1. Taking all protein chains as present, what is the carbon and sulfur share of the accessible area of region B:6-50, in % to the nearest whole number, probe 1.4 Å?
2. With a bin width of 5 angstrom, please list the P(r) values of region B:60-174 as percents of all Cα-Cα pairs, from the 0 bin to the one holding the largest distance.
3. Kindly report, to the nearest 10 Å², the accessible surface of residue A:4 as traced by a 1.4 Å probe over protein heavy atoms only.
4. Near the amide H of residue B:142, under 5 Å away, which other amide H atoms are found, from residues 5 or more places off or on another chain, if H is placed in the peptide plane?
5. Write down the accessible area per residue of chain A in Å², having rolled a 1.4 Å probe over the full set of protein chains.
6. Using only helices, what value at 222 nm comes out for chain B when you add -39,500 (n - 2.57) per DSSP H run of length 4 or more and divide by the total residues, to the nearest 500 deg cm²/dmol?
7. Starting from a label point 7 Å past Cα on the Cβ side, list the distances from residue A:135 to the same position in the other copies, nm, shortest first.
8. Could you work out the local net charge near residue A:88, counting Lys and Arg as +1, Asp and Glu as -1, over the other residues with Cβ closer than 13 Å to its Cβ?
Number of protein chains: 2
Amino acid sequence: MKIIPDSISNLIEEFSKLPGIGPKTASRLTFYLLTKPESDVQRFGQVLLDLKKSLKYCQNCFNITTESPCEICASPKRDTSKIMIVEEPLDVLALEKTGYDGLYHVLGGVISPIEGIGPENLRIAEILEKIKKDNSQIKELILATDPSLEGEATAMYLNSAILKLENVKIKVTRIARGLPIGGDLEYADEVTLTRALEGRKEY
Amino acid sequence: MKIIPDSISNLIEEFSKLPGIGPKTASRLTFYLLTKPESDVQRFGQVLLDLKKSLKYCQNCFNITTESPCEICASPKRDTSKIMIVEEPLDVLALEKTGYDGLYHVLGGVISPIEGIGPENLRIAEILEKIKKDNSQIKELILATDPSLEGEATAMYLNSAILKLENVKIKVTRIARGLPIGGDLEYADEVTLTRALEGRKEY
């Protein structure tokens, strides 16, 4: 016997496909929407249908944008001597809140042999090309990939690839790894603690 | 400067409206969908648009259904002498997994003075009417509202309302409250422990 109407089980299935949402949460979200006015649900659906309309990648930094070059790349206020290399567009969003005023380069992921993602699947050739071309203008490359196994490997790969470029003398930096603000030293893992010690500065 | 295109921030906003989803999770879900093929996102959107199409309340038990009476009420295999009173359609879904073979009555919520929900806003008159009409056929009413403050109050209200009905002698039961399976006695709160002791049975 079919207890749930198709339209409900379809939505539960769609919610279940999202990361971090299991079948129970998916049911809860679906039945929550059932209690909302039809117009609210329609708007949600329409927003999904419109999501990818007019979206493209910025041909300079590969962030997601409505126009290429994106507003960051096109802005005359940004410091073009700094390029921050990040994994995903979401990272740009987080970093913009810090007041960083340079440019970005979005790799579109990290090197991950297990998932079959090599340097050729990321926008690594593009950043190397950019460095070769704007050699004199770029002063610093900030490697801001995640402090995960894959993120560190990708940062190392990028650093050595940049070192191999001829006639290029650009400062390459890596964001600091250490204890997060509000964190608790006693609960920190040993890798984080080791990095926090390695990265210590004079007070 | 607008860093996020409208179509992205709109979807983040829609996800944020869902219960238990904060702005960070909403961003993560949105950017996850951006990495998926356009057809997947379109299907999700269409499923939302279709959600309430052809859905109605069963005029007998008030569960959500595509046809009234619903498949449970219409089934000749169900034991019509038992009616389980629940808060929401989602509760029916959970209880169906237990193999319960009686009928249901969905209240559509609980009595909650703080939220301004009184007995008149729930389908309480409907169940009392049903009892008066099918007095001889119904043998047991199972009160299966949540073991929360509001759920207990609603169960108590229902019990006293049924007692007040003239010429009605129906067994009214309440689902057991106690330690959940897999639970840990040492971490149980005192109300649960008290209920578990009150509800103890001979072994």
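1. Working: 1110 of 2020 Å².
With neighbouring chains kept in place, the figure for region B:6-50 is 55 percent.
2. 2, 12, 23, 27, 20, 12, 4, 1, 0
3. 40 Å²
4. Close amide H contacts, sequence-distant or interchain: B:83, B:84, B:85, B:173.
5. Working: 11950 Å² over 203 residues.
The answer is 59 Å² per residue.
6. On the way: 8 runs with 83 residues, N = 203.
About -12000 deg cm²/dmol.
7. 10.0
8. On the way: positive: A:123, B:28; negative: A:87, A:91, A:146, A:150.
Taking every other residue near residue A:88 into account, the sum is -2.
The values are calculated or read from the model by the stated rules, or taken from the named source; none is laboratory data. Values in this document were obtained by computation on a predicted structure and should not be read as measured data. Cβ: placed from backbone, ideal geometry, glycine included. Neighbour counts: every protein chain shown. The accessibility values were calculated without ligands, DNA or RNA, using every heavy atom of the protein model including side chains. Shrake-Rupley method; radii C 1.70, N 1.55, O 1.52, S 1.80 Å.
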